[in-house]
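Peer 1: Structure below; questions to follow.
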Amino acid sequence: MLNKPNSKKSLLVAIDRNRIFILFTIVFLFMALFAPRFFNVFNLTTIMRTSAMNATVAIGFTVILIIGQLDLSIGTIITFTAIIGLGLKEYIGFGGSIPVAIIAGGLIGLINGLLVAKAKINSFIVTLGMMTALQGAIYTFTGGNSVSLSTPDAFAVSDWLALMIFPLVTPRVIITLVLIAASAIFMKRTRIGRNFYMVGGNRQTAWLAGIDTDKYTIAAFIMSGVTAGIGGVLFAMESAAATLNMGNSSLMYVISAAIIGGTAMSGGKGGIFKTFVAILMLDVLYNGIILFGLGNEVKIFIAGIILASVVLYEAYVSYKHEKVIGQRPELMKELEVQNQA
Amino acid sequence: MEGTEVLEKKQQNSPGDDIRTTNYNILGKIFHGAGIYAVAALFLVAGIILQALGVINNFLTAQNMLNIVDAVSMLGIVAVGMAFVTYSGHYADMSVPTTMALTGIIAVQMLQYGFFPAIAAAVAAGLLIGLINAVAIGKFKANPIIWTLAVNYVTLGVIRLVWVNKQIYPDMIAKSQWASDVFDNIYRFRFFNKIGLPVVYMIILVILLNFIMKKTKFGQQLKITGAARKASEFSGVNVERVIGLSFVICALTATLGGLTVTSLSRVGAYYNGAGYDFKAVTAIVIGGMTLAGGRGSIIGVLGGVLIIGLMNNIMTLLGVGTFSQDMIRGIIFIVVVGINAKSLRTLGRDDA
Amino acid sequence: MNSNDIGIALSMQGVSKRFPGTLAVDNVDFDVRAGEVHALIGENGAGKSTLMKIIAGSFNDYTGKIFIGSRETELHSPVHSKKNGIEMIYQELSLALPLSISENVLVGRLPKKGIFLDKEKIYKETKRCLKMVGMEHLDPDIEIEEISQHESQLVEIGKALGNNPCILVMDEPTSALSREEVERLFEIIRSLKKRGLAIIYISHHLPEIFEIADRVTVMRDGKKIDTRDIGSVTSEELVQMMVGQTVKDFYHHESHAQSEQRLRVENLSRYGFFHNVSFEAYKGEVLGICGLSGAGRSELARVLVGLDDRNGGRVFLDDKEIKPKNMAHALKEGIAYLTENRKTEGLALRLNVKENILAGIIPELVYRGVYHEADGFPKMNELIDELSIYPPDPERIVGNLSGGNQQKVLLAKWMACDPKVLILDEPTRGVDIGAKMTIHESIEQLAKNGSTIILISSDLPELVSLSNRVLIMRQGHLIHEMEHSGCSEESVLLAANGEGIC
């Protein structure tokens, strides 16, 4: 009686829900048609390679948003773990340094998570403090110098990671895709994954249903730390160097992608795969801008405009929605009848 | 005064039915309000002890105290303005860094028409950003952090598009030597050769904004809006305007900060103001203002700014490197906030 | 009445729970049998919510013994309670809005096939749960935020039933339901009873209890007063047990209506919410508005005070046309609105009594640009006395007060404004009888002083006894007007349901 399906409305909902795929297609087609030297294997491989780091980092960050928190420290975790991964190689080899770096990322996430879940401090503050502290740590440990490796075996690893196995596919891209696929399926198709959504959607409900909300919050921060670590270490290994600001732009990049992809800051909504497509879309866009011969400044400007438009659009939609909540369909019908008469 | 008499009588009428508020007496209130200055005093004492032990020198001198205030004055200017955003329950204004950069660079550019047009143009630019934030967040309820981050990026893009990787220098552009000198003195002028102008700006702003927050209709309505937006709207507060105004105040103090920073560096560039967003949040939160909104004060924020200054100064005197200072500052930040959150909870208040 | 008495499903012996400063539940013995509805009543702050939360496993530091069947158990977490077959239905919605119906209904027990979720089973199981509450037409995959509040309430009940509980605790489950839906819910409860469930039913609404309960337990000040069979008790006795003293019939009416017109509304519409509403109200009059939830009563009030835009019509206050753009504007004109949602729209729970009471008159306390809070103290203290807000401490955080006292603070906020027209939307919902009496007295006093009161209420005895006239709204239309002399609870209710009017 009350809930007759409204086909026009549900079509709009469907479009909105899948907007990132539509956006991606539009951007991709535009670049393929108009951008010079865009649509070729080499360039598309470049796009896949450049997107790999942020795509990995975005996995954990999306989970953080889904659970209704924020992690501002991912940028510095990327740099921190990259420096550990390369810096310790001299002493314990990649076999030791990579796990140590990734575990370090996880430990940072654990600290963030404990402070948020157990000490009950706002995640904005916790991760802001963590960001400041890590920035200091990075500079203290390195003395302000980038870390780079120039041994043959390091170059060998670097070359292997960038090896084009198939068109568009290098080992590092494969690792990224496997991670994304695994975590996307985990979040979508398993009970534990859905519980993250429930904790973000309504903490109280989740707790009453016997879901340990603190544990899930901590787990989300650990995931964020670990994926930031993996992203950072792999990127550094492929370029055989870790600069002290390599993670700086990632925070903005990943937040933009998650939001454009439809993950809500308020929690309980969104998905890893959508964030990934959004990352790809941004990279296609940036790549195209450069191919058009436009500079970095255009890229920054357009990135800002896109994010601002999406945020404003979402705010405007819910602003409009608020005005019609509770509207009685039969009264609207009555109005139509009156107007026709 | 009649009101307070009645109030006291009433408190006697309800003897000890609940531990929470009966122990919350005037003394406790003073301590709670001064809490952040107690921490500042601790740092001061720590500095004095370190000096007495001979670990550091020249801590407790008038000159050093002035240096401390001088060093944090620009942060203070930005933080007391951004505090309004925090107080309104909207966390922080992340567009502050590029607001500072943009207003600075516009001022330098407009110096070719003279000093006052330059200032007017800068203020207009700051006001514009403030108004954009006001509409998006106040009216359409956009998420404040993400929205201001986006605005920060757009503004950065605008600066870099218009002044394509160019740095512009006031002394080369200014219409007259006078205009260039005056602009230079926005930061450099010193009263009695000692007290810098930024310190004066900060003190004036603290007095003015503290008055606005505690003693005006806007301030009181902002408090209720920060604590409960919906209830405030249903109490006849024009919440859209109140929230919008807090973002405008923030943008205007950021403009002053931008002019000062640009005057200091003698160059208009996109990176002027970088880092001021997070630094200001740190000061605000250490100063006892909680992100939940409606709680804290400008005086407290000033305390937070001074603590950061003391902390930096002591660490520098100790010979701690700039980068290690960052690390320690981050840790102290979390610890202070954690303690604050815990004390609020034991007071029977909600989380920070 | 307890013909199908199978045995004790849950019993509590000497259970206590202490909060800082108060003993919320004090040495309570309580039991519920399988196959019965056991009502739990008491004023706000009597401890029944706390008792319920103990059963739900929200506390791990209660004292005393709890038996499930004959086995002693500790209910120290929600998981423990669930394992013992206890399910709760909360007064406030506890669903996750951005998530789908199926995920909400099956939270914590989503069926799995191997390590992955079993989509087919999820669909079927959700449908089964929805069917129990007559909501099987809902698509399990749509999000909660897309369905109405009534539907959500029923989905929540379906969620609890879906867990096949042995013991079901319901806290005011009917507060957001329409009359038809309440009937449906009672049908469900009766069938559950037949299947041998033990049901604990918490309500303020005595007629409901007489309709559905087998036994009733009254609590006051954290203590159990008595448990009685429903057949051996009258509502007067129950009220007496709840309040602790004999109450006179507190519904008495005294008309203060004057002949001078105060408010005139002509053809006011907000499309989709209410259409072409016209009425007038006089000085000193209490004008009741009755209607089922969703009839457009609150929406009408919101347009009158400028919270929502109108699509057509005119409003005259003292013969001057007003078009309030927002609530601030309406207040200036002299119309105030007390919201039905005390906690979300009414009060700033984190601020204190003083700041809440003065919130509406901030502009009045500004003198030469400076806000003089102290100027409002005399008025504030007067109101605290008049409404006997307890504790009478202006510095007390409102969130720590009991529901009744919170409601008094909310009313005090609007009395401080001294409006010409005060719209009260469910002014006594969820408050105890003591607070209710105080609020009714204040309403009468306001009318006596010449204010016009528009009283929107689902509490029929309250509406009928306080109002000079009652307007009936149904499905967005104003369909009828009744004089005080002509209305009784039955006639008003029938009218609101669209019956009994020729």
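Nothing in this text is a laboratory measurement; each read-out follows from the coordinates by a stated rule. Everything numeric here is computed off the predicted structure, so don't read it as measured data. No Cβ is skipped: glycine too gets one built from the backbone with ideal geometry, and neighbour counts run over all protein chains shown.
Peer 1: If packing is taken as the average number of other Cβ atoms within 10 Å across a peptide's residues, how do A:52-62, C:106-116 rank, most packed first? Please list the in-between numbers first.
Peer 2: Numbers: A:52-62: 28.7, C:106-116: 16.1.
Highest mean packing first, the order is A:52-62, C:106-116.
Peer 1: Explain nothing, just the number: dipole magnitude of chain B about its Cα centre with +1 on each Lys and Arg Cβ and -1 on each Asp and Glu Cβ, in debye rounded to the nearest 20.
Peer 2: Working: 26 positive and 16 negative charges, 63 e Å.
Dipole about the Cα centre, nearest 20: 300 debye.
Peer 1: Moving to a separate point now. Obtain the nm distance between the two label points defined at C:Thr344 and A:Leu168 by a simple spin-label model: each point lies 7 Å from its Cα along the Cα-to-C-beta direction.
Peer 2: 4.5 nm
Peer 1: Under the definition of partner shielding as Cβ atoms of other protein chains within 10 Å of a residue Cβ, what is the mean value for peptide A:302-313? All intermediate terms of the calculation are to be shown ahead of the outcome.
Peer 2: On the way: counts 3, 5, 11, 4, 3, 8, 12, 2, 2, 13, 7, 2.
That works out to 6 on average.
Peer 1: Roughly how many whole Å is it from the C-alpha centroid of region B:239-254 to that of region A:213-251?
Peer 2: 35 Å
Peer 1: Right, next: Using only helices, what value at 222 nm comes out for the protein assembly as shown when you add -39,500 (n - 2.57) per DSSP H run of length 4 or more and divide by the total residues, to the nearest 500 deg cm²/dmol? Walk me through the numbers on the way to the answer.
Peer 2: Working: 47 runs with 675 residues, N = 1195.
Helix-only estimate at 222 nm: -18500 deg cm²/dmol.
Peer 1: Would you mind computing, in nm to one decimal, how far apart the modelled labels at B:Gln177 and B:Val267 are, each placed 7 Å from Cα along Cα→Cβ?
Peer 2: With each label placed 7 Å out from Cα toward Cβ, I get 2.5 nm.
Peer 1: Next question. Where does each of C:Cys487, C:Cys166 land when they are ranked from fewest to most other beta-carbon atoms within 10 angstrom?
Peer 2: With the fewest neighbours first, C:Cys487, C:Cys166 line up as C:Cys166, C:Cys487.
Peer 1: Compute, for region C:8-243, the length of the dipole vector about the Cα centre, with Cβ point charges of +1 (Lys, Arg) and -1 (Asp, Glu) only. Units Debye, rounded to 20.
Peer 2: Its charge dipole is roughly 1040 debye.
Peer 1: Additional query: Which lysines have a Cα lying under 21 Å from the Cα of C:Lys83, excluding residues fewer than 8 positions away in the same chain?
Peer 2: Straight-distance partners of C:Lys83: A:Lys215, C:Lys53, C:Lys65, C:Lys112, C:Lys159, C:Lys193.
Peer 1: How do B:Val200, A:Val199, A:Val254 line up, fewest other C-beta atoms within 10 Å first?
Peer 2: So the residues, fewest neighbours to most, are B:Val200, A:Val199, A:Val254.
Peer 1: While we're on this one: Report the net charge of residues surrounding A:Val169, where surrounding means a beta-carbon distance below 15 angstrom and charges are Lys +1, Arg +1, Asp -1, Glu -1.
Peer 2: +1
Peer 1: Then there's this: Give me the percent relative contact order of chain C, please, defined on Cα pairs under 8 angstrom at least 6 residues apart. Walk me through the numbers before you get to the answer.
Peer 2: Numbers: 1006 pairs, mean separation 74.6, N = 502.
Reported as a whole number, the value is 15 percent.
Peer 1: Given a Förster distance of 30 angstrom, what is the FRET efficiency for B:Ala38 paired with B:Asn185, based on the Cβ-Cβ distance and rounded to 0.05?
Peer 2: 0.20
Peer 1: B:Lys139: which aspartates and glutamates have alpha carbons under 19 Å from its alpha carbon, excluding same-chain residues fewer than 8 sequence positions away?
Peer 2: Partners found: A:Glu314, A:Glu322, B:Asp93, B:Glu233, B:Glu240, C:Asp308, C:Asp309, C:Glu345.
Peer 1: Report the relative contact order of region C:8-243, percent, no decimals, based on alpha-carbon pairs under 8 angstrom and at least 6 residues apart.
Peer 2: 29 percent
Peer 1: Okay, next question. From a point 7 Å beyond the Cα of B:Asn67 in the direction of its Cβ, which residues of region B:296-315 have a backbone N at a distance under 16 Å?
Peer 2: Once the point is set 7 Å along Cα→Cβ of B:Asn67, B:309-315 turn out to lie under 16 Å by backbone N, inside region B:296-315.
Peer 1: Please give the net charge around A:Ile67, taking every other residue with its beta carbon less than 14 angstrom from that of A:Ile67, where Lys and Arg add +1 and Asp and Glu add -1.
Peer 2: +1
Peer 1: Then there is this: Take peptides A:183-194, C:470-481 and line them up by average Cβ neighbours within 10 Å, highest first, as a rough protection proxy.
Peer 2: C:470-481, A:183-194
Peer 1: Round to the nearest 0.05 the FRET efficiency obtained for B:Ala124 and A:Ile192 when R0 = 41 Å and r is the Cβ-Cβ distance. Could the numbers behind the result be given before it?
Peer 2: Working: r = 54 Å, r/R0 = 1.31.
The value I calculate is 0.15.
Peer 1: Mind pulling the angle between the C-alpha long axis of helix C:119-132 and the longest principal axis of chain C? Nearest 10 degrees, somewhere in 0 to 90.
Peer 2: Compared with the principal axis, the helix lies near 70 degrees.
Peer 1: Report, in listed order, any pair from B:Lys230/C:Lys343; A:Lys320/B:Lys230; C:Lys223/C:Lys343; C:Lys48/C:Lys343; C:Lys332/C:Lys420; A:Lys188/A:Lys269 with a Cα-Cα distance greater than 21 Å.
Peer 2: Over 21 Å Cα-Cα: C:Lys223/C:Lys343.
Peer 1: Further question: Report the charge-dipole magnitude of the protein assembly as shown in Debye, nearest 20, computed about the Cα centre from +1 at each Lys and Arg Cβ and -1 at each Asp and Glu Cβ.
Peer 2: 3240 debye
Peer 1: How many percent of DSSP beta bridges within chain C run antiparallel, rounded to 5?
Peer 2: 60 percent
Peer 1: For B:Asn165, project a label point 7 Å along Cα to C-beta. Then give me every residue of region A:289-304 with its amide nitrogen under 19 Å of that point.
Peer 2: Within reach of a label on B:Asn165: A:289-303.
Peer 1: Over what distance in Å are the Cα centres of region C:270-301 and region C:303-362 separated?
Peer 2: The distance from the Cα centre of region C:270-301 to that of region C:303-362 comes to 15 Å.
Peer 1: Turning to a different aspect of this structure: Calculate how many DSSP beta bridges within region C:8-243 are antiparallel, expressed in % of all such bridges and rounded to the nearest 5.
Peer 2: Working: 25 of 43 bridges.
Of the beta bridges lying entirely in region C:8-243, close to 60 percent run antiparallel.
Peer 1: Related question: Where does each of B:Arg295, C:Arg190 land when they are ranked from fewest to most other beta-carbon atoms within 10 angstrom?
Peer 2: Working: B:Arg295 22, C:Arg190 11.
Least crowded to most crowded, the residues run C:Arg190, B:Arg295.
Peer 1: Which of C:Pro427, A:Ile211, B:Ala274 sits closest to the plus end of the dipole of the protein assembly as shown, meaning its Cα is farthest towards the positive end, when Lys and Arg get +1 and Asp and Glu get -1 on the C-beta?
Peer 2: B:Ala274
Peer 1: Taking beta carbons within 10 Å but only from partner chains, what does the mean come to for residues C:321-333? Can you show the working numbers first?
Peer 2: On the way: counts 0, 0, 0, 0, 1, 7, 8, 8, 2, 1, 3, 1, 0.
Across C:321-333, the average partner-chain Cβ count within 10 Å equals 2.
Peer 1: Pairs of alpha-carbon atoms within less than 8 angstrom and 6+ residues apart define the contacts here; what relative contact order does chain B have, in percent?
Peer 2: Here the relative contact order equals 30 percent.
Peer 1: By average Cβ neighbour count within 10 Å, what is the ranking of B:106-113, C:311-318 from highest down?
Peer 2: Ranking the peptides B:106-113, C:311-318 by packing returns B:106-113, C:311-318.
Peer 1: Around B:Leu161, under 14 Å between beta carbons, what's the net of Lys plus Arg minus Asp minus Glu among the other residues?
Peer 2: With Lys, Arg at +1 and Asp, Glu at -1, the net is +2.
Peer 1: Of C:Gly334, C:Gly450, B:Gly138, which is farthest on the positive side of the dipole of the protein assembly as shown, counting Cα position, with +1 on Lys and Arg Cβ, -1 on Asp and Glu Cβ, and the Cα centre as origin?
Peer 2: B:Gly138
Peer 1: I would also like to ask the following. Is there a simple number for the mean count of other chain Cβ atoms within 10 Å of the Cβ of residues in B:319-331, and what is it?
Peer 2: For this peptide, the per-residue mean of nearby foreign Cβ atoms is 6.
Peer 1: What does a probe at C:Arg368 reach in region B:187-221, counting residues whose amide N is under 15 Å from the point 7 Å along Cα→Cβ?
Peer 2: Under 15 Å, as judged by backbone N against the label point of C:Arg368, lie B:216 of region B:187-221.
Peer 1: With each pseudo-label sitting 7 Å past Cα toward Cβ, what's the B:Phe192-C:Ile8 distance in nm, one decimal?
Peer 2: 8.2 nm
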